[in-house]
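Q: Below you'll find the structure I mean.
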Amino acid sequence: MLTGRVAIVTGGSRGIGAAIAVELASQGADVAVIYAGNEAAAEAVCARCRDEYGVRAASYRCDVADFAAVKETVDRIKADFGTVNILVNNAGITRDNLVARMKESEFDEVLQVNLKGAFNMIRHCSGIFLRNKGGSIINISSVSGKFGNPGQANYAAAKAGLLGLTRTVARELAPKGITCNAVAPGYIETDMTAGLAEHAEALTASIPLGRAGTPEDVARAVAFLAAAPYITGEVLRVDGGLAI
């Protein structure tokens, strides 16, 4: 159980992020939901956390790619909640294109949000964790970051970068009792993968468990790592066996 802990979830207004926020709340954690644009959706997630589980929950608009904005937001969360114990870097975007056609802006935008955004959050939360002499960081990567995916050079590069970031941060912060792990989802049914619906049958046929994953499948893995004080530097695949 995570009672008494405070969790930040980036990209927490929908999909996997929303499921993570609710799962952490169900285990007793107070939740700060960071969102990019949809305030109503973020507030709906917070309301569910408060109403169903009786925890504190609040939403914060922030561009995680903006170093200064992240510092300001983390400072606000600390002032509102008193501390931070868990950080989940889930915020992510896609700008899919074949590498021969990919625009520089498409590559840069994805790296800025998906990779630099995680660094920004870790950088500004690490001081709190160090003072607490403990904390848990979970980065949401992807099986694309381990094996690549045609049309996603930018996304795969960012998600692969998260794995290196995870292992390095784990080594640096372990002496202070702070863990850093990654979750690597496979094919998960979300708004982000809705465009793959026409390929759903072929995709699920390649998954040993025979189905797409759900946001809740990923959320349970995140909650497990958030409560696992002797696991660090690990990459936990949540892919139904896709990458076996």
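Bear in mind that the values in this text are calculations on the coordinates, not laboratory data. Source: prediction; values computed, not measured. Note that each Cβ is placed from the backbone with ideal geometry, even for glycine, and that neighbours are counted across all protein chains shown.
Q: Taking the dipole about the Cα centre of region 6-238, with the C-beta of Lys and Arg at +1 and of Asp and Glu at -1, give me whichever of Val113, Ala79, Leu209 is farthest to the positive side.
A: Selected residue: Ala79.
Q: Here are several values of semi-axes √(5λ) of the Cα gyration tensor in Å: (i) 30, 22, 18; (ii) 27, 19, 18; (iii) 25, 22, 18. Which one was derived from the coordinates shown?
A: Looking at semi-axes √(5λ) of the Cα gyration tensor in Å for this model, the match is (ii).
Q: Can you give the Kirkwood hydrodynamic radius for region 53-124, in Å, rounded to one decimal and based on Cα pairs? All intermediate terms of the calculation are to be shown ahead of the outcome.
A: Details: mean 1/r = 0.0727 Å⁻¹.
In region 53-124 this quantity evaluates to 13.8 Å.
Q: Under 16 Å from a label point 7 Å along Cα→Cβ of Arg76: give me every residue in region 54-68 with its amide N that close.
A: It comes to 57-68, nothing else.
Q: Going by Cα centres, region 199-221 and region 43-94 are how many Å apart?
A: Between the Cα centres of region 199-221 and region 43-94 lies a distance of 28 Å.
Q: Listed highest first by mean packing, meaning other Cβ atoms within 10 Å per residue, what order do 45-53, 76-84 come in? Let's see the in-between values first.
A: Values: 45-53: 17.6, 76-84: 15.7.
Highest mean packing first, the order is 45-53, 76-84.
Q: Taking the Cα atoms only, what angle lies between the long axis of helix 215-226 and the longest principal axis of the chain, rounded to 10 degrees?
A: 50
Q: Sorting Ile128, Ile137 on the 10 Å Cβ count, fewest up front, what's the list?
A: Numbers: Ile128 19, Ile137 28.
Fewest-to-most Cβ neighbours within 10 Å comes out as Ile128, Ile137.
Q: Beyond 17 Å, what share of the Cα-Cα pairs of region 148-244 is found? Please give it as a whole percent.
A: On the way: 2731 of 4656 pairs.
Every Cα pair in region 148-244 considered, those over 17 Å come to 59 percent.
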